[in-house]
Each structure stands twice: as structure tokens, then as C-alpha cells.
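The block underneath contains the structure these notes are about, expressed in C-alpha cells.
The values are calculated or read from the model by the stated rules, or taken from the named source; none is laboratory data. The shown structure was predicted, so the numbers you read here are calculated from the model rather than taken from an experiment. Glycine also receives a Cβ, built like all others from the backbone with ideal geometry; neighbour counts cover every protein chain displayed.
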Amino acid sequence: MRRTDVVIGGWLPGEGRRSGQFGALVVGYYEDGALKYAGRVGTGFDEAELNRLGSLFADLAQADSPFDGRQPPREAKFVRPVLVASVGYGEWTQAKTLRHPRYLGLRDDLDPETVEFDDS
């Protein structure tokens, strides 16, 4: 499993047992000064982290997508892109989308605008 950092630009509503919480993070990376959509991360959260992130998202909510170009699913809710998450993943697709990503935690030591595409 590889590891990379991504910027959280929003979230998708949860379903089933996660109804009323977020179901997945909507993430991206910076390229030429613009935030590019890199997929969704829906696993790796315990109950405490779901609640903590949900509280953070409430304070960071914004109406418009922070992503430039390709967009996340229509039901996405957006946040100011100030949080960085570390994720484990299988590979990047040709469209520069994460395959099999798993949330590992927040990174408070990184400036979101320094998070760029990294396929190493």
C-alpha cells in the first residue's frame, strides 16, 4: 500500500449506518495553483474520527466547489480546502484518481497549497 497526502475539498453524505454523517471525503491535490479532484475516500474512519471531521466540516462549509475542472459527484457538499489528510492507496488511475484509498489521519503540519500530485 502506497501513501500520499490530499486536500479535503468536501464530503459525500453517508448512507445506511452512516446516515446523518459523512460517507466519504472528496479530495484533491494542487496542480498549477488549482485544486484538482482526485476521488473519494470512504474507509479508514472510526466513530470518533467521523464525529471530529463532521464537526470540522460544519465550520468550513461553503456553497461552491473548490475544485477546478473535473468535479466530484453532484451530491457532494463542499468545504474550504484547508485540511490535509494522509491516505493509503493502491494506485493512481490514468485520470489521476486514487484507487482503493483509505483514510490514515489528518496532517496539521502541511500547508494545503503545497500538496501536489505524487505517484511515487
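A few points about this structure:
- Counted residues, the range 1-28 - those being of a type in the set (Phe, Trp, Tyr) and modelled with pLDDT of 95 or more: 1
- Of all residues in the range 15-28, those being under 21 Å from Arg80 (Cβ atoms), surrounded by fewer than 22 Cβ atoms within 10 Å (Cβ to Cβ) and either among the aliphatic types (A, V, I, L, M) or touching a residue at least 24 places away in the same chain (Cβ under 8 Å) (or both) number 2.
- Single condition Arg74 does not satisfy, out of (1) basic (Lys, Arg); (2) exposed (fewer than 13 other Cβ atoms within 10 Å of the Cβ); (3) touching a residue at least 24 places away in the same chain (Cβ under 8 Å): (3)
- Residue in the range 78-97 that is over 12 Å from the mean Cα position of the chain (by Cα), of a type in the set (A, V, I, L, M, F, W, C) and part of a strand (DSSP E or B) present: yes
- Qualifying positions in the range 36-71 - small (Gly, Ala, Ser) and surrounded by fewer than 19 Cβ atoms within 10 Å (Cβ to Cβ): Gly42, Gly44, Ala48, Gly54, Ser55, Ala58, Ala61, Ala63, Ser65, Gly69
- Some residue of the range 34-51 being part of a strand (DSSP E or B) and acidic (Asp, Glu): no
- The set of residues in the range 1-60 being touching a helix residue (DSSP H, G or I) at 6+ places or on another chain (Cβ under 7 Å) and either within 20 Å of Asp108 (Cα to Cα) or of a type outside the set (S, T, N, Q) (or both) consists of Val7, Trp11, Phe22, Tyr30.
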